[in-house]
Amino acid sequence: MTNRQNRPQTLEQMRAADTWSCAERCDSDYVNIAKGLPALIMNSGLMQVLAFMHEKEGQHERIASQLRRWLASRFPGIGSDGFTDFMQALLNSRPDEFRMITIEAMAWLRWLRQIAPARQRGD
């Protein structure tokens, strides 16, 4: 029998594990925001949505911060030194890099929108 702990995780498993941790004890606002983010990004773009979420603060900024942290772990060149540095890195990224970052953001958010309701604490 193979030891499961020695197996490397797939990228999907890593996304799932990260969003599971991020959504711990989330509330209904967090869940609703998580459910709407993919559509917002598709309609407005990643940078516009990150700027909107940063401005809104609260649960919006919580999710935006979690997403920025995840993206920084996947794309070390964009850094994770806060909102301004992250946005500057996106502004300076090549079009193909920006597209890959956006694709990764959407993949992570697909997990978050499914996991957040399961982790929601009773309101």
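The values are calculated or read from the model by the stated rules, or taken from the named source; none is laboratory data. Every value quoted in this text rests on a predicted model; they were computed, and no experiment measured them. Note: ideal-geometry Cβ built from the backbone for every residue, glycine included; neighbour counts use all protein chains shown.
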Residue tally, condition of a type in the set (G, A, S), within 20 Å of A116 (Cα to Cα) and not in a helix (DSSP H, G or I), over the stretch 1-56 = 1
ask   = I103 versus (1) over 28 Å from R121 (Cα atoms); (2) in contact (Cβ under 8 Å) with a residue 12 or more places away in the chain: which is the lone unmet condition?
value = (2)
request  = Answer yes if at least one residue in the stretch 19-35 is closer than 21 Å to F98 by Cα, out of contact with any Lys or Arg (no Cβ under 6 Å at 6 or more places or on another chain) and aliphatic (A, V, I, L, M), and no otherwise.
outcome  = no
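Quick check, is I63 surrounded by fewer than 18 Cβ atoms within 10 Å (Cβ to Cβ) and among the β-branched types (V, I, T)?
Taking the combined requirement at face value, the residue does not satisfy it.
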query = Which condition breaks for D96 when tested against (1) at pLDDT 95 or above; (2) surrounded by 15 or more Cβ atoms within 10 Å (Cβ to Cβ); (3) not aliphatic (A, V, I, L, M)?
reply = (2)
ask   = Among the numbered criteria (1) under 19 Å from A116 (Cα atoms); (2) assigned to a helix (DSSP H, G or I), which single criterion is violated by S73?
value = (1)
query = Pick from the stretch 15-60 the residues that are basic (K, R) and in contact (Cβ under 8 Å) with a residue 40 or more places away in the chain: which of them is surrounded by the most Cβ atoms within 10 Å (Cβ to Cβ)?
reply = R15
